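A quick write-up on the structure given underneath.
Each reported figure results from applying straightforward, stated rules to the coordinates on display, with no laboratory input. Just so it is clear, the model here is predicted, and its values are computed rather than measured. We place every Cβ from the backbone using ideal geometry, glycine too, and count neighbours over all the protein chains shown.
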Amino acid sequence: MERREKLYEGKAKIIYATDDPDKNILYFKDDATAFNGAKKGSIQDKGVINNRVSAKLFQMLAEKGIESHFIEQLSDREMLAKKVDIVLVEVVIRNYIAGSLSKRMGRSEGEKLSRAIVEYYYKDDALNDPMINRDHVLVFNLATAEQIDVVRETALKVNQVLSDYLFERDILLVDFKLEFGVYHGRMLLADEICPDTCRLWDRHTLEKLDKDRFRHELGNVEEAYLEICRRVCGEL
């Protein structure tokens, strides 16, 4: 697969065209951002870890019947993916109280929710990705009713599969973000699933093993990412 021109560079990845118009190459960077880009830095080998963890989880989800844009891992930092049109709605699934939900509801972090909460956010950095609801999605033509219903159903299925998979590896899936894209009329899971996009806590100690260590200057960021990679993908 020949890598061609750069199509887009985001906070965590670069997307390249290929000699196949239906496929892109995703290059995972070590750059780290938080608070919608207000905090910037770098995490050593983050791109390598996120690529590997995402590939493993996409493969596992495919075995459970959940299709994504993932095709194959090309190298330590590169993933071959179907070329999708990203839907400008980020989906956040919450299983425990943490982060912004803790602040909004005035509740302490760590409380397990009676059921998963699904939230939608308008994907726009300039607006700080504001929270929206299904009506906003439909009125502003961000997705059709059928598409957003598929997104919700798929997100909840992903949540159940990932929660079980990670729990077996002594990891609590506290909350996480998903993105979706349209591929030849089908809604597919896209982007990445990794310590950048998930809150992941040790099941026994509740130690944070995700980007919150970078956000809140908790230290041992690289070690936390490596630990997630070891548990998800096996020995390094």
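Considering every Cα-Cα pair within the stretch 85-221, what fraction, in whole percent, is farther apart than 18 Å?
On the way: 5293 of 9316 pairs.
Cα-Cα pairs in the stretch 85-221 separated by more than 18 Å: 57 percent.
Per the Cauchy relation, a quarter of the hull surface: what is the mean projected area of the convex hull of the alpha carbons in the chain, in nm²? Can you show the working numbers first?
Values: hull surface 51.3 nm².
Value for the chain: 12.8 nm².
Can you give me the distance in nm between label points at Asp135 and Lys23, each placed 7 Å from the Cα along the Cα-to-Cβ direction?
Modelled inter-label distance: 4.5 nm.
Assuming R0 = 35 Å, what is the FRET efficiency of Asn36 and Glu2, from their Cβ-Cβ distance, to the nearest 0.05?
That pair, Asn36 with Glu2, gives E of 0.50.
Given the DSSP H assignment, sum -39500 (n - 2.57) over each helix run of at least 4 residues in the chain and divide by its residue total; what's the result at 222 nm in deg cm²/dmol, nearest 500? Intermediate results must be reported in sequence, preceding the final value.
Values: 6 runs with 71 residues, N = 236.
Helices in the chain give a 222 nm mean residue ellipticity of -9500 deg cm²/dmol.
Along the charge dipole of the stretch 85-221, pointing to its positive end and built from +1/-1 on Cβ of Lys, Arg, Asp and Glu, which listed residue (Val91, Val174, Phe140) has its Cα farthest out?
Val174
Across the stretch 174-236, what fraction of all alpha-carbon pairs, as a whole percent, falls in each successive 10 Å bin from zero upward?
So the P(r) values, bin by bin, are 21, 44, 23, 11, 1.
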